[in-house]
1. Please verify whether Asp85 is within 16 Å of the ligand (Cβ to nearest atom) and over 18 Å from the mean Cα position of the chain (by Cα), treating the condition exactly as stated.
2. If you scan segment 9-21, which residues turn out to be in contact (Cβ under 8 Å) with a residue 24 or more places away in the chain, surrounded by fewer than 24 Cβ atoms within 10 Å (Cβ to Cβ) and either within 16 Å of the ligand (Cβ to nearest atom) or closer than 26 Å to Arg184 by Cβ (or both)?
3. Can you tell me which residue within segment 197-215, out of those that are more than 15 Å from the ligand (Cβ to nearest atom) and more than 14 Å from the chain's Cα centre (by Cα), is surrounded by the most Cβ atoms within 10 Å (Cβ to Cβ)?
4. Given the options Gly70, Gly24, name the one that is over 26 Å from Ser195 (Cα atoms) and either away from the ligand (no atom under 15 Å from the Cβ) or without any contact (Cβ under 8 Å) to a residue 12 or more places away in the chain (or both).
5. Can you tell me how many residues in segment 1-35 are among the charged types (D, E, K, R), more than 19 Å from the chain's Cα centre (by Cα), assigned to a loop (DSSP other than H, G, I, E, B) and at pLDDT 95 or above?
6. Inside segment 47-72, can you point out the residues that are closer than 20 Å to Val122 by Cβ and not in a helix (DSSP H, G or I)?
7. If you check every pair at least six apart or on different chains, which have Cβ atoms under 6 Å apart with a residue in segment 186-199 that is under 21 Å from Arg110 (Cβ atoms) first and a residue that is charged (D, E, K, R) and within 11 Å of the ligand (Cβ to nearest atom) second?
Amino acid sequence: MAAVRLLQITDTHLMGDPAAAMRGVVTLESLRRVLRATRERIEDADALLLTGDVVHDDADGYAWIRAELGALRKPVLCIPGNHDDPELMRAGLAGEPFRHCGHHDFGGWRIVMLDSTVPGDVGGEVSAAELARLEATLGEGCPPHALIVLHHQPVPVGSPGLDGVGLRNGPALLDVLARSTTARALLCGHVHQESERRAGALPAFSTPSTCVQFMPGSAGFAFDTRGPGCRSLELQDDGGVVTRVLWAD
Ligand SMILES: [Fe+2]
């Protein structure tokens, strides 16, 4: 089987006003820069991953994602972030090519999309029901390899401010994954920076936002001057993950 190719787009923070900006960055234009810079990768991809904070507390922003990603003729696997309202996101991105949460099989891989949002909370948690679903999904009937995708970072990335609003029950998630014979890697958004950490025995990757980045290693919420980016992933037949961040510039 051929490798499974994915492109992760995260933390787009769109608003209804196409000229709306975060920290001086027009988020729609910034997303468009990323999409232009990765056009060939997108054409090669089996699916796109849209990993939360799709809008910045403004459900009118979903129409822009529909316009930009809906035209690419690729499945878009979606999970909400803390700035999304999960119900409004499902309504705003209803129908193909958008697929919300659940799991999706491509070749020898299962992509498990976890909802880690907690209403009214910047931090996240994977509910007991979601953990049970994960455990079942990784078991009987699962392809040989699985990638687990969620918005909040499952392990600290080394920025105390951001890690204070990460996944509160990371250890419970890692317990489930430690019992799994199919889990191969974790992938998140939320921290607006590139990182690769260990989560138990597995690699855990975070990815820059398509708009503003946070400064790695900062104690509070300092901003980085790096431009927009995204992440390509190649899920290999032997369970390996080859991945790198693609910067728009
Ligand atoms: Fe974000």
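The values are calculated or read from the model by the stated rules, or taken from the named source; none is laboratory data. Just so you know, these numbers come straight off a predicted model, no measurement behind them. Here the Cβ positions follow ideal geometry from the backbone for every residue, glycine too, while neighbour counts run over all protein chains shown.
1. no
2. Met15, Ala20
3. Ala199
4. Just a single option satisfies the conditions, and that option is Gly70.
5. Qualifying residue count, segment 1-35: 1.
6. Correct list: Leu50, Thr51, Gly52, Asp53, Val54, Val55, His56, Asp57, Asp58.
7. Gly189/Asp11
Here is a yes/no grid of residues against (1) of a type outside the set (D, E, K, R); (2) in contact (Cβ under 8 Å) with a residue 60 or more places away in the chain:
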site	(1), (2)
Pro86	yes, no
Glu96	no, no
Arg110	no, yes
Leu114	yes, no
Gly124	yes, yes
Pro154	yes, no
